[in-house]
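Trainee: Questions regarding the structure given below will be posed in turn.
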Amino acid sequence: MKITAVKGFPVRLSYRNVFIVKVETGAGLCGLGEGGMAGRELAIGGLLDHFRRFLVGMGPRRIEHIWQCLYRSQYFEGGKIEGAVIAAVDIALWDILGQALGVPVYQLLGGACRDRVPCFASVEAALTGPAYVEDARALVAQGWRRLRLFPGMPDLAATAGVGTLDQSPVGVVPQPPDATIYEPMESLQLAAHWVREVRRAVGPEVGLSIDFHHRLSVAEAALFCGQVADVHLMFLEEPIRAQGPTAYRQLRAMTPIPFAIGEECSSKWEFLPFIEEGLLNFARVDLSNVGGLSEAKKVAGWCEAHYIDMMPHNPLGPVTTAASIHYSAAVANFAQLEYLHGVADGYPRDLFPRLPAIAGDSFPLPTAPGLGVTFDEEAAAAYAFDPWEAPHWRRRDGAVTNW
Ligand SMILES: [Mg+2]
């Protein structure tokens, strides 16, 4: 069996695009992968065009060999785009192998470590008022036991998920517009208040967490942690950018709250200092950014040695979701998988005729050979790539701040 074609499909799924990769073989099997840049997907396509020149003709069962070949064939190795492209190819190769052997991918990763894959839900509106508490209460009434919250701003509705609605037919996630004002100190004070109100509403048994989307400084993050010490958060996600361990080392000394970081890591080497220095408590590995199932398995093994659980980042497309389910089923040190209603509920069924279906707060173990996702490339034209740029937020003084 040889690889005969490698195709890239940047498609618009909701408010943004995803990049689907299809690897075809002469044996009639084809595998699906996804590269997860969450923006600027044409860069993924450019590198895929380059990789195609030597992928075609290779044996698709040599998954680790191909990973090494893609990574180490460049003198200036690594980076976000390369991590995403390698991820897409790697996931597609595991899909092909599973189909060739007639087993779900998780069987190839060591078999199921659990009977189902539990998820956490996100209250996608911003944490700004009583309506948010009602949303959290409704999710708990639906059976969710782990909720993640997002911060907001006091005087502007247009923050962190509450704003102008994307009106595309598949667009279900509210999007903040450009020039939205985000002031960290105001936001964290508001968040601290409403996190406490949510805790009062849902009780002590529900796991609560908050994702600051790396919008804070060390000082701001430490202040927030002090303000919510009595709320007993399950984790604090990305309070500051995870571009190096130094700032997290400082923050670690200022709070005992567990940190959930790692979604931006594009290789095991980027995880290295956070794992080895005890700065990471839940590993937010993103299969479509870190380099695929192969690299994510290595990160999990490394985390296992440090008693760190995996909590895969999963706000992208259905191929990433499927790969994350197989991975989550097969790694021993797993906490929970991200499930984003606003994105997943809008996956178009004509484009993805078969995709994973959640049951309650968990995914059942997949049963189909391979990943269990299908993609109709004929339908892709109806979901043409439409450039999307993450909103450019500002402080009140006009300075740039993080979305
Ligand atoms: Mg996050």
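Trainee: Spin-label point model (7 Å from Cα, Cβ direction): what's the Met58 to Asn333 distance in nm?
Mentor: 2.8 nm
Trainee: What's the FRET efficiency of Thr374 with Glu276 using the Cβ-Cβ distance as r and R₀ = 35 Å, to the nearest 0.05?
Mentor: Approximately 0.30, to the nearest 0.05.
Trainee: Can I ask one more? Compute the angle between helix 218-227 and the longest alpha-carbon principal axis of the chain, please, reported from 0 to 90 degrees and rounded to the nearest 10.
Mentor: 60 degrees
Trainee: A further question follows. Mind checking the dipole of the chain: about its Cα centre, +1 per Lys or Arg Cβ, -1 per Asp or Glu Cβ, Debye to the nearest 20?
Mentor: In debye, rounded to 20, the chain gives about 660.
Trainee: Relative to the first principal axis of the alpha-carbon coordinates of the chain, what is the inclination of helix 318-330, with its axis defined by its Cα atoms, in degrees from 0 to 90 and to the nearest 10?
Mentor: In the chain, helix 318-330 runs at an angle near 90 degrees to the longest axis.
Trainee: Sticking with this structure for a sec: What is the sum of charges around Ile20, taking Lys and Arg as +1, Asp and Glu as -1, for the other residues whose C-beta is under 9 Å from the C-beta of Ile20?
Mentor: Net charge around Ile20: 0.
Trainee: Continuing with this model, one more query. Local charge sum around Gly79 (other residues, Cβ-Cβ under 12 Å, Lys/Arg +1, Asp/Glu -1)?
Mentor: -3
Trainee: Separation between the His65 and Glu134 pseudo-spin-labels, each 7 Å from Cα along Cα→Cβ, expressed in nm?
Mentor: 6.1 nm
Trainee: Here is a follow-up. For a test of the definition: using alpha carbon positions, the gyration tensor, and the 1.5 limit on a/c, classify the chain as rounded, prolate or oblate.
Mentor: It is prolate, given that a/c is not under 1.5 and a/b is the larger ratio.
Trainee: A further question follows. Apply the a/c threshold of 1.5 to the C-alpha gyration tensor of region 268-403 and tell me whether it is rounded, prolate or oblate.
Mentor: oblate
Trainee: If you take every residue apart from Val228 with its C-beta less than 12 Å away from the C-beta of Val228, what net charge results, scoring Lys and Arg +1 and Asp and Glu -1?
Mentor: Numbers: positive: Arg196, Arg199; negative: Glu197, Asp230.
Spelling it out: positives minus negatives among the neighbours equals 0.
Trainee: Between Val103 and Ala5, what is the label-point separation in nm under the 7 Å Cα-to-beta-carbon projection?
Mentor: 3.0 nm
Trainee: Now, a different point. Measure nothing but the geometry: give the 0 to 90° angle between the long axis through the Cα atoms of 130-141 and the longest principal axis through the Cα atoms of the chain, rounded to 10°.
Mentor: That works out to roughly 50 degrees.
Trainee: Moving on to the next point. For Ser267, Ser187, Ser288, what's the fewest-to-most ordering of other Cβ within 10 Å of each Cβ?
Mentor: Ser267, Ser187, Ser288
Trainee: Along the charge dipole of region 108-367, pointing to its positive end and built from +1/-1 on Cβ of Lys, Arg, Asp and Glu, which listed residue (Ser187, Ala242, Gly262) has its Cα farthest out?
Mentor: Gly262
Trainee: In whole angstrom, how far apart do the alpha carbon centroids of region 356-394 and region 116-136 sit?
Mentor: 21 Å
Trainee: May I ask you to order 328-339, 238-249 by the average number of other C-beta atoms within 10 Å around their residues, highest value first?
Mentor: On the way: 328-339: 22.2, 238-249: 18.5.
Result, highest mean first: 328-339, 238-249.
Trainee: Which value, in debye to the nearest 20, describes the size of the charge dipole of region 280-368 about its Cα centre when Lys and Arg Cβ atoms bear +1, Asp and Glu Cβ atoms bear -1, and nothing else is charged?
Mentor: Here the size comes out at about 180 debye.
Trainee: As an exercise, use a Förster radius of 30 Å and the Cβ-Cβ distance of Ala384 and Trp269 to find the FRET efficiency, rounded to the nearest 0.05.
Mentor: My answer for the efficiency is 0.25.
Trainee: Just from its helices, what would the mean residue ellipticity at 222 nm be for the chain, if runs of 4 or more DSSP H residues each count -39500 (n - 2.57) and the sum is divided by every residue, rounded to the nearest 500 deg cm²/dmol?
Mentor: -11000 deg cm²/dmol
Trainee: If I stretch the segment between Arg116 and Lys298 completely, what's the gain in nm (0.36 nm per residue apart, minus their alpha carbon distance), one decimal?
Mentor: That pair, Arg116 and Lys298, stretches by 63.3 nm at full extension.
Trainee: Rounded to the nearest 20 Debye, what is the dipole magnitude of region 3-103 about its Cα centre when Lys and Arg each give +1 and Asp and Glu each give -1 at the C-beta? Could you put the intermediate results ahead of the total?
Mentor: Details: 11 positive and 9 negative charges, 35 e Å.
The calculation lands at about 160 debye.
Trainee: So, R0 is 51 Å and r is the distance between the beta-carbons of Gln74 and His232; what FRET efficiency does that work out to, to 0.05? Could you put the intermediate results ahead of the total?
Mentor: Values: r = 46 Å, r/R0 = 0.90.
That gives a FRET efficiency of 0.65.
Trainee: Right, next: Given axes a ≥ b ≥ c from the Cα gyration tensor, I'd like to know whether region 3-103 is rounded (a/c under 1.5), prolate (a/b larger than b/c) or oblate. Intermediate results must be reported in sequence, preceding the final value.
Mentor: Working: a/c = 1.88, a/b = 1.22, b/c = 1.55.
Note, shape of region 3-103 comes out oblate.
Only the coordinates and a few stated rules stand behind these numbers; no lab work does. Quick caveat, the model's predicted, so the values are computed rather than measured. Note that we place each Cβ from the backbone using ideal geometry, even for glycine, and neighbour counts take in every protein chain shown.
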